[in-house]
Amino acid sequence: MSDMKLHPMKEVKIIIEGEHIHFVTDVLDRIKASGYTVFSNISGKGHHGYHEGHLMFNDTSSLQMILTVVPEEKLDPILSGLKPFLERHSGSLFVLDASVLRPDRFDSKEA
Amino acid sequence: MSDMKLHPMKEVKIIIEGEHIHFVTDVLDRIKASGYTVFSNISGKGHHGYHEGHLMFNDTSSLQMILTVVPEEKLDPILSGLKPFLERHSGSLFVLDASVLRPDRFDSKEA
Amino acid sequence: MSDMKLHPMKEVKIIIEGEHIHFVTDVLDRIKASGYTVFSNISGKGHHGYHEGHLMFNDTSSLQMILTVVPEEKLDPILSGLKPFLERHSGSLFVLDASVLRPDRFDSKEA
């Protein structure tokens with residue numbers, strides 16, 4: 001069991017309406033996130049974006065969550081790529097500290 | 001790309017049997033959590049609560065997970081609201097540190 | 001509302017192809033993780049393991065995610081039990097700091 005050392009990474013979760021999933025995965029592909037997982041058929045209650053300065057709520061909507069784990073240096077490109085989108089649409093983005101066994105698997109320059 | 005600053009929040013995940021989901025979402029609505037996401041049709045193995053001082057296990061059951069992200073000051077009301085329930089029923093609650101781009105979206109006093 | 005104190009634990013998420021789920025749950029059962037939750041019918045893009053020294057990618061595949069929360073002393077046995085598997089197969093493992101209300105529920109020596 002050579003090394004059980006864990007390497008620090010960032011876990012990013014993005015929850016959006018299902019129709020917009022490709023916008024998010026395109027951003028992840030562009031910055032070469034090494035992979036992501038999509039959770040479908042989830043539901044939620046939350047903000048529905050802003051409309052004429054008012055906060056719009058919807059009761060439930062069909063959502064998807066994209067989970068990715070990236071080296072810290074890829075966090076800013078993800079945030080920059082998604083922030084304008086998230087300001088115009090419903091959706092949330094959370095960042096958490098995570099760690100992984102094999103950092104090379106998450107740093108796919110060759111992806 | 002004005003500010004990529006992230007703001008600290010708490011991610012709370014609650015895993016319960018599907019029949020009890022409204023108890024949890026009522027607590028979240030009451031303390032004005034700004035939103036939550038529900039994952040359905042998940043399964044699990046775990047505690048089944050306590051029965052006459054014995055820990056009861058079930059092999060698999062139909063579960064739901066509720067994920068919410070709240071400002072730290074809303075964590076205690078969530079824990080207080082759910083703890084008695086979780087002591088009498090099967091279920092788990094985890095808290096993690098998370099951060100978000102737009103803290104105002106998660107602090108919906110007007111919700 | 002006696003104590004709202006939270007106790008530190010480790011959240012472990014393992015994402016693998018669905019056919020291998022029992023390998024993972026067997027490891028968790030063996031080290032007496034007190035429980036776990038399985039998310040099915042998720043999809044993903046990522047590494048497909050190594051084949052003759054080359055990294056193999058697949059576009060999408062049917063995946064499952066296993067989520068468990070364990071005391072820190074059970075983390076190493078999980079990593080040791082799964083690392084050889086993850087080196088030969090597609091899959092990812094992330095570790096995050098989490099906290100829980102009831103640590104006894106997650107330390108099932110009697111499980």
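The numbers here are math on the coordinates, done by the rules we state, and not lab data. Just so it is clear, the model here is predicted, and its values are computed rather than measured. All Cβ positions, even for glycine, are placed from backbone atoms using ideal geometry, and neighbour counts span all protein chains on display.
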Taking placed amide H atoms and a strict 5 Å upper bound, the residues 5 or more places from residue A:9 or on another chain that come that close are A:98, A:99, A:100
Which of C:74, B:32 has the fewest other C-beta atoms within 10 Å, and how do the rest follow up to the most? B:32, C:74
Simple spin-label model, 7 Å along Cα-to-Cβ: residue C:32 to residue B:73 in nm? 4.4 nm
Tabulate in residue order the Karplus-calculated ³J(HN,Hα) for the range A:95-103, using 6.51 cos²θ - 1.76 cosθ + 1.60 with θ = phi - 60°, rounded to whole Hz; enter x for Gly and Pro. 10, 10, 7, 9, 9, 9, 6, 10, x
Given a Förster distance of 22 Å, report the FRET efficiency between residue A:4 and residue C:40 from their Cβ-Cβ distance, rounded to the nearest 0.05. 0.15
How well do other chains shield peptide C:82-94, expressed as the mean number of their Cβ atoms within 10 Å of each residue Cβ? 4
Sorted by Cβ neighbour density within 10 Å, fewest at the top, the residues A:37, C:68, B:25: B:25, A:37, C:68
Excluding residues on the same chain fewer than 8 positions from residue C:32, give the lysines whose Cα lies under 21 Å from its Cα. B:45, C:10, C:13, C:74, C:83, C:109
In nanometres, what is the gap between the two model label sites at residue B:89 and residue A:87, each 7 Å from Cα along Cα-to-Cβ? 4.1 nm
What is the set of long-range amide H partners of residue C:90 at a cut-off below 5 Å, with H atoms built 1.01 Å from backbone N? C:49
